[in-house]
1. Under 1.5 on a/c is rounded, so check that first for region 80-178, then, if it is not, pick prolate when a/b is larger than b/c and oblate when it is not; a ≥ b ≥ c are the square roots of the alpha carbon gyration tensor eigenvalues.
2. Taking 7 Å along the Cα-to-C-beta vector as the label spot, tell me the SER119-GLU196 distance in nanometres, rounded to one decimal.
3. Taking a spot 7 Å from the Cα of ASN82 along the direction of its beta carbon, which residues of region 189-230 have an amide N less than 17 Å from it?
4. Quick one: which of LYS185/LYS219; LYS76/LYS219; LYS76/LYS106; LYS45/LYS97; LYS47/LYS101 span more than 29 angstrom between C-alpha atoms?
5. Under 1.5 on a/c is rounded, so check that first for region 143-188, then, if it is not, pick prolate when a/b is larger than b/c and oblate when it is not; a ≥ b ≥ c are the square roots of the alpha carbon gyration tensor eigenvalues.
6. Could you compute the FRET efficiency for VAL128 and SER72, with r as their C-beta to C-beta distance and R0 at 30 Å, rounded to 0.05?
7. Picking from THR193, LEU207, SER227, whose Cα lies most toward the positive end of the charge dipole for region 141-227 (charges on Cβ: Lys, Arg +1; Asp, Glu -1)?
8. How high is the FRET efficiency between ASN163 and ILE40 when r is their beta carbon distance and R₀ equals 25 Å, given to the nearest 0.05?
Amino acid sequence: MFMKFLPFQQDKTEFNHKEIRTFVTIGAECFESLYLGVRIDPINKEKITQVVRMLNPNIKIYQMEAAPNAFSLIAKQEMNYNLNDYIDLFSNLHTNKQQGKNAPHKAILLISIIELIASHRIQTNKIVFTEELENCFHQNWERYVGKSIIFKPKAGTPYWHLNSEPFWQLIPYEGGYEKIVKLQKGNPYSSKTIREHIKFAVIDQVLFQLLQDNANRTKLREALINSLDI
């Protein structure tokens, strides 16, 4: 245990002994889990996550989210992924299936994002739904999918549905996760709706840093290409 003044007491020359506080020394090992609120700012979230993982690399971090079909919260665990973990995630994306084929939309959008990061057109882990991203998506659709009688090349669909993947989080202009749930009841996939209501999507900072390296980009791109079921 130790004694310490509170911040507003530092400049005092006289004080009441009752103002002195006794604190118990708490080590990083005392903290097993951290729960982040639904409305936490993504920048603050990144800062807090980095600090707590420095203090305790094994701490479990949970992002609280509003349950879509109930008046309650759900805790979504934030994982400390490495390159191999992301390769596995990219190889096993949660996709819609039609006529026995997995939808290629998520893989094509991620390939496009990797290309724009490589060309420095995307310079942070905040992925804005720009016309440039849409155009890149359509170019890669032509390259890897071509003319499909099953799937249509709509970039808004994967941009929205990637929110079901652990490395992607949609950030609306206002309303937080409740806004996402509300939009989902309508038609949130159109370019107009996304640009009107979604500020950007955040990908894991660890993933973004990995994508700064050409060898890592190649491995992740190959995982996405190999996942295509065309």
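Nothing in this text is a laboratory measurement; each read-out follows from the coordinates by a stated rule. None of the values given here were measured: they were computed from a predicted structure. Every residue, glycine as well, gets a Cβ built from its backbone with ideal geometry; the counts of neighbours run over all protein chains shown.
1. Rounded, because the longest to shortest axis ratio a/c is under 1.5.
2. Those two pseudo-labels are separated by 3.0 nm.
3. 206-211, 216-217, 219-220
4. Numbers: LYS185/LYS219 36 Å; LYS76/LYS219 27 Å; LYS76/LYS106 21 Å; LYS45/LYS97 34 Å; LYS47/LYS101 40 Å.
Pairs exceeding 29 Å: LYS185/LYS219; LYS45/LYS97; LYS47/LYS101.
5. It is prolate, given that a/c is not under 1.5 and a/b is the larger ratio.
6. On the way: r = 31 Å, r/R0 = 1.05.
The formula returns an efficiency of 0.45 here.
7. THR193
8. FRET efficiency, ASN163 to ILE40: 0.95.
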